[in-house]
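Every read-out reported here was derived from the displayed coordinates using simple, explicitly stated rules and does not represent laboratory data. If you're wondering where the values come from, they're calculated on a predicted model, not measured in any experiment.
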Amino acid sequence: MSAAPPTADEPAVFTEPWQARAFAVVVQLCRDGHAEWDDFQRRLIAEIGAADAAGDAATGYYEHWLAACERLLVERGLAAPGDLARRKAAAAASRPPPTRAVANPVAIDPARR
């Protein structure tokens, strides 16, 4: 039995908007049947292990996540390495303005209940 991606009931913590987007890409890949969640988890563990073995303590969790996601996309033929490099360069060159997290961004108007 395959593990399932997290649901909305299992909140994730992100410090940067790109982390949330990278997380969402993997969840959607799994939901669309392009990958199994437990397969991605193994890739992520391998990515972290390789960095640890190389003495790379400066790389953060979501950098490992992104690397595992990119490897998955390339291995499954969903993206070419050159495409990923170009897209990453374009994204880095035109970063969106900073956003601010809101504790409860959705509210229900009591008059409409």
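From zero up to wherever the largest Cα-Cα distance of region 17-95 sits, split into 10 Å bins and tell me the percent of pairs in each.
18, 49, 32, 2
Do you know the relative contact order of region 17-95, to the nearest whole percent, from alpha carbon pairs under 8 angstrom that are 6+ apart?
Relative contact order for region 17-95 comes out at 28 percent.
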